[in-house]
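Below is one structure, written out as structure tokens; the observations come after it.
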Amino acid sequence: MLLWHGSRLTNFVGILSQGLRIAPPEAPATGYMFGKGVYFADLVSKSAQYCYTDRKNPVGLMLLSEVALGDVYELRKAKYMDKPPEGKHSTKGLGKKIPQESEYVKWRDGIVVPCGKPVSSNVKASELMYNEYIVYNTAQVKMQFLLKVKFHHKR
């Protein structure tokens, strides 16, 4: 699946030279709801939050990466773990808002690209507003596109 990853501008020196890493010591921790892993989203608005831009510094960088999710462990609330349970390859935090699945497209080699406006999911009683995908092995990630984004802050 092609998924979004947002990070502070200062973190991209390490990301571009060493790849995405799990909890690098030089990167500020932003919380580990599902343990220490590499976090992705299927909605750009979720990953954009982790760019930490503001009106004074509105430019950020975002990645679109191929993520091999394998058999996914699905959760509706935070659960810290070092890795998903036996037989699972990644974790998905199920959100209340998801991209419109009918608008998904297939990219090269059958890679699924979530597209579409956010719509309500069928997930009941989730603590998460948006889907989050977590992998605990960086070999499951292949960076594809680096985007320079200028954010327009309303306040």
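The values are calculated or read from the model by the stated rules, or taken from the named source; none is laboratory data. Just so it is clear, the structure is predicted and the values come from calculations on it, not from any experiment. Positions of Cβ are backbone-derived with ideal geometry, glycine not excepted, and every protein chain shown enters the neighbour counts.
Values for this structure:
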{"item": "Some residue of the stretch 96-115 being free of Cβ contacts under 8 Å to residues at least 40 places away in the same chain and surrounded by 17 or more Cβ atoms within 10 Å (Cβ to Cβ)", "result": "yes"}
{"item": "Residues being surrounded by fewer than 20 Cβ atoms within 10 Å (Cβ to Cβ) and either within 15 Å of Ile22 (Cβ to Cβ) or not basic (Lys, Arg) (or both) - total across the stretch 82-93", "result": "6"}
{"item": "The stretch 44-64, residues that are surrounded by 15 or more Cβ atoms within 10 Å (Cβ to Cβ) and not basic (Lys, Arg)", "result": "Val44, Ser47, Ala48, Tyr50, Cys51, Tyr52, Thr53, Gly60, Leu61, Met62, Leu63, Leu64"}
{"item": "Any chance Glu26 is in contact with a helix residue (DSSP H, G or I) (Cβ under 7 Å, 6 or more places away or on another chain), surrounded by fewer than 14 Cβ atoms within 10 Å (Cβ to Cβ) and either polar (S, T, N, Q) or modelled with pLDDT under 95 (or both)", "result": "yes"}
{"item": "Test: Ala125 is at pLDDT below 95, more than 16 Å from the chain's Cα centre (by Cα), not basic (Lys, Arg) and not in a strand (DSSP E or B)", "result": "yes"}
{"item": "Residue satisfying condition, being of a type in the set (Val, Ile, Thr) and either surrounded by fewer than 13 Cβ atoms within 10 Å (Cβ to Cβ) or under 12 Å from the mean Cα position of the chain (by Cα) (or both), within set Val67, Val72", "result": "Val67"}
{"item": "Yes/no for Met143 being within 17 Å of the chain's Cα centre (by Cα), surrounded by fewer than 16 Cβ atoms within 10 Å (Cβ to Cβ) and within 20 Å of Arg76 (Cα to Cα)", "result": "no"}
{"item": "Of the criteria (1) in contact with a Ser or Thr (Cβ under 7 Å, 6 or more places away or on another chain); (2) under 16 Å from Tyr73 (Cβ atoms), which one Leu128 fails", "result": "(1)"}
{"item": "The stretch 38-73: number of residues that are over 22 Å from Gln18 (Cβ atoms), in a loop (DSSP other than H, G, I, E, B) and among the hydroxyl-bearing types (Ser, Thr, Tyr)", "result": "1"}
{"item": "Test for Lys88: is it of a type in the set (Lys, Arg), in contact with a strand residue (DSSP E or B) (Cβ under 8 Å, 6 or more places away or on another chain) and either under 19 Å from Ser45 (Cα atoms) or not in a loop (DSSP other than H, G, I, E, B) (or both)", "result": "no"}
{"item": "Matching residues, the stretch 1-24, being more than 14 Å from the chain's Cα centre (by Cα) and at negative phi", "result": "Leu9, Thr10, Asn11, Phe12, Val13, Gly14, Ile15, Leu16, Ser17, Gln18, Pro24"}
